[in-house]
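Everything below concerns the one structure shown next.
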Amino acid sequence: MWLFRRKGPSGFSSSSTAEEVTQGIDATGLTAIVTGASSGIGTETTRVLAMRGAHVIMGVRNMAAAKDVKEVIVKEIPTAKIDAMELDLSSLSSVRKFASHFKSAGHPLNILINNAGIMATPFLLSKDKIELQFATNHVGHFLLTNLLLDTMKKTAISSSKEGRIVNVASEAHRYAYPEGIRFDRINDPSGYSSWAAYGQSKLANILHAKELTKQLKEDGANITANALHPGVIQTNLFRHNNVINGIVNVLGRVLFKNVQQGAATSCYVALHPQAKGVSGEYFADSNISKPRPQAEDEVLAKRLWELSKDLTK
């Protein structure tokens, strides 16, 4: 239980909030994209980044919900700079459209937080005929990151500030399929497990950051890429499992993090000076953590990169 955990080397723990881990940090002049920003930790991440002075673009499926979120945040923080743009991570055409509109607007980009996600859905295929959890949680973010990378590189040069890419993964990566990524069976319904498929997509988030770090270093780009576990949080991610959703509603306040604590690690990795120059790592509770061995397998990361490139051609 997070209630009993101690502070790590960073000085923060699982009970630290997003406001606490960014206390005293001035993000004025920075531009950030947060996907899945209209609910849960995405909303709190947006609020705290805006509170610290960043211009936040919310990448969301539900524009009406985003409008409500923006109004609430601006009411609390009149100086908040927030915009919303439509983005459905399960659709490659939507991802391309978002990236095109973002670049056409001429925005710089310092921070990309790949936060949006779905959890433990029944077997479904996306519009692009990719298993839905893998498509939404990994492939869509892989494409989005690639499409925005040039903008981030240019921003890092012109601003002389490090760019940061943050993949919101999960400890569930430990419970992916035994082989980690089912490369030849991503879209195969036989043997499909909703939880193992979720774990697979979250393992992919970590491997993505690992391989991306390698390529950014080879390019000499002033950009870091990290993955993180936000904690077990009482959000609507559990909506696809009625039993678990019921347990969450009853015990959530005692056993799980709230959204303020759940958004902390995202905000820490995105803004904190202690994370400067740190790349290819996996964070939990605003501290560097150790993922399962497969998440550190460079061969697996490279193979995933090639598969993701093929799926997004």
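The values are calculated or read from the model by the stated rules, or taken from the named source; none is laboratory data. Here the structure is a predicted model, which is why all the values come from computation and not from measurement. Positions of Cβ are generated from backbone atoms using ideal geometry, with glycine treated the same way; all protein chains shown enter the neighbour counts. Surface accessibility is based on the protein's heavy atoms, side chains included, excluding ligands, DNA and RNA. Shrake-Rupley method; radii C 1.70, N 1.55, O 1.52, S 1.80 Å.
Some notes on this structure:
- Largest mean-square fluctuation among Asn167, Asn146, Asn205, in a Gaussian network model of the chain whose springs join Cα atoms under 10 Å apart, belongs to Asn146.
- Given charges at beta-carbon only (K, R positive; D, E negative), |dipole| of the chain in Debye: 160
- Residue of Gly191, Gly277, Gly36 that the Gaussian network model of the chain assigns the largest fluctuation, springs spanning Cα pairs under 10 Å: Gly191
- Carbon plus sulfur fraction of accessible area for the chain, probe 1.4 Å, in percent: 53
- Computed with a 1.4 Å probe over protein heavy atoms only, the accessible surface of the chain comes to 43 Å² per residue.
- Working from label points 7 Å from Cα in the Cα-to-Cβ sense, the Glu179 to Lys97 distance is 3.5 nm.
- For segment 99-223, radius of gyration divided by Kirkwood radius, i.e. Rg to Rh on alpha-carbons: 1.03
- Each principal axis of the Cα cloud of segment 145-189 was taken in turn, and the coordinate range along them, longest first, works out to 46, 22, 13 Å.
- Projection of the Cα convex hull of segment 122-172, averaged over all directions and equal to a quarter of that hull's surface, yields 4.6 nm².
- Rounded to the nearest whole angstrom, the semi-axes of the ellipsoid equivalent to the chain, taken from the Cα gyration tensor as √(5λ), stand at 26, 23, 20, largest first.
- Across segment 106-112, coupling constants 3J(HN,Hα) worked out from phi with the 6.51/-1.76/1.60 Karplus curve, θ = phi - 60°, read x, 6, x, 8, 9, 9, 10 Hz, and Gly and Pro carry x.
- A P(r) calculated from all alpha carbon pairs of segment 93-161, with 10 Å bins opening at zero, reads 19, 44, 25, 11, 1 percent.
- For segment 148-158, putting each phi into the Karplus relation 6.51 cos²θ - 1.76 cosθ + 1.60 with θ = phi - 60° gives couplings of 9, 4, 4, 4, 5, 5, 5, 5, 4, 6, 5 Hz, in residue order, rounded to whole numbers and with x for Gly and Pro.
- Straight Cα distances below 28 angstrom link Lys7 to the lysines Lys202, Lys210, Lys257, Lys276, Lys290, with same-chain residues fewer than 8 positions distant left out.
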